[in-house]
1. Suppose the filter is assigned to a helix (DSSP H, G or I) and open to solvent by less than 70 Å² (accessible area, probe 1.4 Å); does I265 pass it?
2. Looking only at the range 140-178, count every residue that is over 17 Å from the mean Cα position of the chain (by Cα) and open to solvent by less than 50 Å² (accessible area, probe 1.4 Å) and tell me the total.
3. Being at pLDDT 90 or above, assigned to a helix (DSSP H, G or I) and surrounded by fewer than 16 Cβ atoms within 10 Å (Cβ to Cβ) is the filter here; which residues of the range 58-78 pass it?
4. Just give me the residues in the range 111-139 being basic (K, R) and under 17 Å from the mean Cα position of the chain (by Cα), in sequence order.
5. Would you point out which residue out of A135, A208, A110, A213 is at pLDDT 95 or above and under 21 Å from T240 (Cβ atoms)?
6. Checking A135 against (1) in a helix (DSSP H, G or I); (2) touching a strand residue (DSSP E or B) at 6+ places or on another chain (Cβ under 7 Å); (3) open to solvent by less than 40 Å² (accessible area, probe 1.4 Å), only one condition comes out false. Which one?
7. Find the residue count for the range 281-310, including only residues that are at negative phi, in a loop (DSSP other than H, G, I, E, B) and open to solvent by 20 Å² or more (accessible area, probe 1.4 Å).
8. How many of the residues in the range 85-124 are part of a helix (DSSP H, G or I) and open to solvent by less than 10 Å² (accessible area, probe 1.4 Å)?
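The values are calculated or read from the model by the stated rules, or taken from the named source; none is laboratory data. Everything numeric here is computed off the predicted structure, so don't read it as measured data. Glycine gets a Cβ as well: all are built from the backbone with ideal geometry, and neighbour counts include every protein chain shown. Protein only, heavy atoms only, side chains kept; ligands, DNA and RNA dropped before computing areas. Shrake-Rupley method; radii C 1.70, N 1.55, O 1.52, S 1.80 Å.
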Amino acid sequence: MPSALEDELFPSTPGKFKIERGHGMNRQFHRCFASTSTMFLWALFLIALTASYLSFQSFVDSGSRYFSASWGGIQWEKQVRNSAQIHRSGGMSVLVTGAAGFVGTHVSLALKKRGDGVVGIDNFNSYYDPSLKKARRSLLKSHGVFIVEGDINDNRLLDKLFDTVAFTHVMHLAAQAGPSIVWASSSSVYGLNDNVPFSESDRTDQPASLYAATKKAGEEITHTYNHIYGLSVTGLRFFTVYGPWGRPDMAYFSFTRNILQGKPITIYRGKNRVDLARDFTYIDDIVKGCLGSLDTSGKSTGSGGKKRGPAPYRIFNLGNTSPVTVPTLVSILERHLKMKAKKNFVDMPGNGDVPFTHANISLARREFGYKPTTDLQTGLRKFVRWYLSYYGYNHGKPVN
């Protein structure tokens, strides 16, 4: 026979408690037990409901991320392939990194114009006003060049790009190497070198700034890849590039802005009040050098991480060969802007800048016929015309 306690706790009728009227304490205990059980069931239900909602929300979010991703998908692949199509005999298919940058935009346009396939990649960072980069993207789009918004450090994106298009070349102009690699080094690697003009065979082991040191490190790293993996590498040492669609942080650009706004400009001088001089090189001449280096780049000799023979490793100066002092640059801008600058002359601080640059371009001339044709007077006139149009100036005054 079951005990009285068992009879009370486990009723004969399922789902009901057998409660005797005469036991007050038992009635309270049973009510409490029933109430606690109900609350427990409700808690389980709420937990399950919350978990279901979160799972559904996660699904919706992941789906939303998939459909709103800046790259990937059938339409994206179609745009990449169309942009990479070659329209000339013997043409190349080029991935241009930093394509929304100053040099990258002009190089991409020149490649497209001559019939090569071009796809750009740029992360549109905020180092300077991204709206200028987006305006360049619109310009490229109008000429049939598609730019992928993404980071070159994103391996998944790069894998996807190379799965989508079998690029023959990479023009690496992003400021951050199979195919042949042509990349942007800098005249700054010459650092404290005082041989004039600067030649590719000169010492470059005395950088005068961290920027110069990173460019020199880039040359050393690419040389190592060339040596170990047979990667064809060409480094281009640019000399003070200027022109339309340029970088707002460059001196000629900020001088123009401040002159138009009536603000003073700072002009640095070297030791003994010597004027600083730069080998200013117009963007169209730089582009000619970029294309010439691509056309003569040679093939890599490695695949699968194995080198099968020596591969080309080249360094070229791309300059104008005619250094001009900064005060002369300002005078030319004043003439084109029809406004006088408010000049503050200051001794050059010890911030790693060098007093002059001057390119020897004989090697580039010999290898691929590099010959700059734009003097500073002409180049700045073209830049000023673009600047006034882009920023909405009319006769030196902003257009409302």
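1. no
2. 5
3. I74, Q75, K78
4. Once the filter is applied, which keeps residues that are basic (K, R) and under 17 Å from the mean Cα position of the chain (by Cα), the range 111-139 yields K133, K134, R136, R137.
5. After applying the criteria, what remains is A110.
6. The one condition A135 does not meet is (2).
7. Result for the range 281-310: 6.
8. Total meeting the criteria: 5.
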